[in-house]
Amino acid sequence: MNKGSSKGISAISLTTAALLMAVNVALSSFGMPVPGGHLYMNDVVICLAAILLNPVEAFAVGGIGAFIGDLLFYPAPMFVSLVTHGLQAVVISLISHKCLKSRPVTASIIGVSIGAVIMVVGYTFGRAFIYSTPEYAVLKLPFQILQAAVGAVLGTFLCWKCGIHKIYTRITAGRG
């Protein structure tokens, strides 16, 4: 397998995706209590992974990671998580890697913003379907918005301001 090649996945990309998927599963297992519900921090990892990785790897981290986390700890919304977080990660990755190549931070911000909307809408409709009550979905809407916003802001911050993107790029370019 060639580093940086589009023909295969490198060991570094695979390891990064696996590590981030494990963190996603772990963060899916518990939420921070907030008045009226819980705030889950796995969106931070999903946004970070989607900015760093290609769309397939991002889907694995976001969609499959959230699916496994729900399967292990709270299975009712696991398919909603697979589709919603998977689509969220793919869209963020595509926008981050294909749009505004001369302004990657701006592209990432646009990507996580659109990803946040996907997450909020996906979970709102998913909850309404799973629990057969739109009222429950609307009740949880403020928590979904907060979770999406925190995930988008912290994921982008970790990636660009804390240097994770720079380190990942250096390692994947073989200058590790």
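Determine if region 41-64 includes at least one residue that is in contact with a helix residue (DSSP H, G or I) (Cβ under 6 Å, 6 or more places away or on another chain) and farther than 23 Å from Cys159 by Cβ. No - not one qualifying residue is present in region 41-64.
If a residue has to be under 18 Å from Tyr40 (Cα atoms) and over 17 Å from the mean Cα position of the chain (by Cα) to count, how many in region 127-147 make the cut? Residues meeting the conditions: 8.
Scanning region 143-168 for residues that are of a type outside the set (A, V, I, L, M, F, W, C) and either touching a Lys or Arg at 6+ places or on another chain (Cβ under 7 Å) or surrounded by fewer than 14 Cβ atoms within 10 Å (Cβ to Cβ) (or both) turns up Lys161, Gly163, Lys166. When region 76-107 is limited to residues that are more than 16 Å from the chain's Cα centre (by Cα) and open to solvent by 70 Å² or more (accessible area, probe 1.4 Å), the one that is farthest from Phe30 (Cα to Cα) turns out to be Ser102.
Would you please name the residue that is modelled with the lowest pLDDT, looking only at residues in region 7-45 that are farther than 17 Å from Met78 by Cα and in a loop (DSSP other than H, G, I, E, B)? Per the criteria, the residue is Lys7.
The values are calculated or read from the model by the stated rules, or taken from the named source; none is laboratory data. Just so we're clear, the structure is a prediction, and the values are computed from it rather than from any experiment. Neighbour counts are summed over all protein chains in view; Cβ atoms, including those assigned to glycine, are modelled from backbone coordinates with ideal geometry. Side chains included, ligands, DNA and RNA excluded: accessible areas come from the protein's heavy atoms. Shrake-Rupley method; radii C 1.70, N 1.55, O 1.52, S 1.80 Å.
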